[in-house]
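Just below is one structure, and these are the notes that go with it.
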Amino acid sequence: MLEFGDNLKASEAALVALEPNGAITAMIGGADYSLSQYNRAVQSARQPGSLFKLFVYLAALENGFAPDSIIEDAPIVVDGWKPENFEGTYNGQVSLYTAFTHSLNAAAVNLAEIVGRPHVLEMARRLGIKSALTPTPSVSLGASEVNLLEITGAYASVAAGGVVSEPYAI
């Protein structure tokens, strides 16, 4: 069933679509410019959640891991914090490919701790994230806020083969 904003009590929206070279093909910053000139696509910061896991896995690949490398998907405690998988279950030893495609939180946190959070944050920076990123354990699950334009630009950089795609418009 298709849900619309009224049904979800959502009054605003944001969208950014980019070509791999950074060309903005569509950007929507809100529902009605006459009611609000606040551009949610570039001015609003939100936690990207699992979108941020991309940087964890790219940092791991750059540091010698391979898609078929094994990572533990099991309960983990880092600095007193206990992340859980969405389903509340764990899968034991899994490949990075499986952990990434199933968005396994515990595996991503474990991997970030092995690779090192500084490497994960540096990867995010290199791909275009400019917002302040807090190096807490939860950063690997997208706890630091970014805006929609920069996270979309980082993903476009990956689509461009790792060449940074600075978003631009004419």
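For the range 34-52, does any single residue satisfy the condition of being in contact with a Leu (Cβ under 6 Å, 6 or more places away or on another chain), of a type in the set (G, A, S) and part of a loop (DSSP other than H, G, I, E, B)?
Yes: one or more hits.
Give the residue, chosen from S131, S140, that is among the small types (G, A, S) and either free of Cβ contacts under 8 Å to residues at least 60 places away in the same chain or assigned to a loop (DSSP other than H, G, I, E, B) (or both).
Values: S140 fails: either free of Cβ contacts under 8 Å to residues at least 60 places away in the same chain or assigned to a loop (DSSP other than H, G, I, E, B) (or both).
S131 is the lone residue from the list that is among the small types (G, A, S) and either free of Cβ contacts under 8 Å to residues at least 60 places away in the same chain or assigned to a loop (DSSP other than H, G, I, E, B) (or both).
Tell me which of these N85 doesn't satisfy, since it passes every other one: (1) farther than 29 Å from A10 by Cα; (2) open to solvent by less than 60 Å² (accessible area, probe 1.4 Å).
Of the numbered conditions (1) farther than 29 Å from A10 by Cα; (2) open to solvent by less than 60 Å² (accessible area, probe 1.4 Å), the odd one out for N85 is (1).
Filter the range 1-33 down to residues that are among the hydrophobic types (A, V, I, L, M, F, W, C), open to solvent by less than 70 Å² (accessible area, probe 1.4 Å) and in a loop (DSSP other than H, G, I, E, B) and give me whichever is nearest to Y155 (Cα to Cα). Spell out how you get there, then give the answer.
Of all residues in the range 1-33, those among the hydrophobic types (A, V, I, L, M, F, W, C) come to 1-2, 4, 8, 10, 13-18, 23-24, 26-28, 31.
Checking the rest, the ones that are also open to solvent by less than 70 Å² (accessible area, probe 1.4 Å) come to 10, 13-14, 16-18, 23-24, 26.
Of the ones still in play, those that are also in a loop (DSSP other than H, G, I, E, B) are 10, 13-14.
On the way: A10: 26, A13: 20, A14: 17 Å.
Result: A14.
Are any residues in the range 79-96 assigned to a strand (DSSP E or B), more than 19 Å from T136 (Cβ to Cβ) and not hydroxyl-bearing (S, T, Y), and if so, which ones? I'd like the intermediate steps shown before the answer.
Within the range 79-96, the first condition is being assigned to a strand (DSSP E or B), and the residues that meet it are 81, 92-95.
This time we only want the ones that are more than 19 Å from T136 (Cβ to Cβ), so: 92-95.
Of everything in the range 79-96, those that are assigned to a strand (DSSP E or B), more than 19 Å from T136 (Cβ to Cβ) and not hydroxyl-bearing (S, T, Y) turn out to be G92, Q93, V94.
Restricted to the range 60-78, and to residues that are open to solvent by 80 Å² or more (accessible area, probe 1.4 Å) and of a type in the set (D, E, K, R), which residue is nearest to E113 (Cα to Cα)?
E62
Looking at the range 97-117, which of its residues are within 18 Å of A143 (Cβ to Cβ) and not in a helix (DSSP H, G or I)? Spell out the reasoning first.
Narrowing the range 97-117 to residues within 18 Å of A143 (Cβ to Cβ): 103-113, 115-117.
Scanning the range 97-117 gives S103, L104, G116.
Only one residue in L104, L127, L121 is over 16 Å from L58 (Cβ atoms), open to solvent by less than 30 Å² (accessible area, probe 1.4 Å) and touching a helix residue (DSSP H, G or I) at 6+ places or on another chain (Cβ under 9 Å). Which one? Working first, answer last.
On the way: L127 fails: over 16 Å from L58 (Cβ atoms); L121 fails: over 16 Å from L58 (Cβ atoms).
Going through L104, L127, L121 in turn, the sole match is L104.
For V56, are the conditions met, namely being open to solvent by less than 30 Å² (accessible area, probe 1.4 Å) and assigned to a strand (DSSP E or B)?
Details: open to solvent by less than 30 Å² (accessible area, probe 1.4 Å): yes; assigned to a strand (DSSP E or B): no.
When the stated conditions are applied, V56 does not pass them.
Please work out which residue is nearest to E62 (Cα to Cα), limiting yourself to the range 139-166 and to residues that are touching a helix residue (DSSP H, G or I) at 6+ places or on another chain (Cβ under 8 Å) and of a type in the set (S, T, N, Q).
Filtering first and then ranking leaves S140.
Condition first: closer than 23 Å to V16 by Cβ and modelled with pLDDT of 95 or more. Can you find one or more residues in the range 101-108 that meet it? I'd like the intermediate steps shown before the answer.
Restricting attention to the range 101-108, the residues satisfying the condition of being closer than 23 Å to V16 by Cβ are 103.
If we keep only those that are modelled with pLDDT of 95 or more too, we end up with 103.
Checking the range 101-108: at least one residue is closer than 23 Å to V16 by Cβ and modelled with pLDDT of 95 or more.
Would you be able to say whether some residue in the range 62-78 is without any contact (Cβ under 8 Å) to a residue 24 or more places away in the chain, farther than 23 Å from T136 by Cβ and in a loop (DSSP other than H, G, I, E, B)? It would help to see each step written out before you state the result.
Of all residues in the range 62-78, those without any contact (Cβ under 8 Å) to a residue 24 or more places away in the chain come to 64, 77.
Next, only the ones that are farther than 23 Å from T136 by Cβ stay: 64.
Now drop any that are not in a loop (DSSP other than H, G, I, E, B), which leaves 64.
Yes, the range 62-78 contains at least one residue that is without any contact (Cβ under 8 Å) to a residue 24 or more places away in the chain, farther than 23 Å from T136 by Cβ and in a loop (DSSP other than H, G, I, E, B).
Select from the range 130-170 the residues that are closer than 18 Å to A17 by Cβ, among the hydrophobic types (A, V, I, L, M, F, W, C) and open to solvent by less than 30 Å² (accessible area, probe 1.4 Å) and write down the one among them that is nearest to the chain's Cα centre (by Cα).
I151
The values are calculated or read from the model by the stated rules, or taken from the named source; none is laboratory data. No experiment lies behind these values; they were computed from the predicted model shown. Using ideal geometry, Cβ is built from the backbone for each residue, glycine included, and neighbour counts are taken over all protein chains shown. Quick note on the areas: whole protein, heavy atoms, side chains included, nothing else; ligands and nucleic acids left out. Shrake-Rupley method; radii C 1.70, N 1.55, O 1.52, S 1.80 Å.
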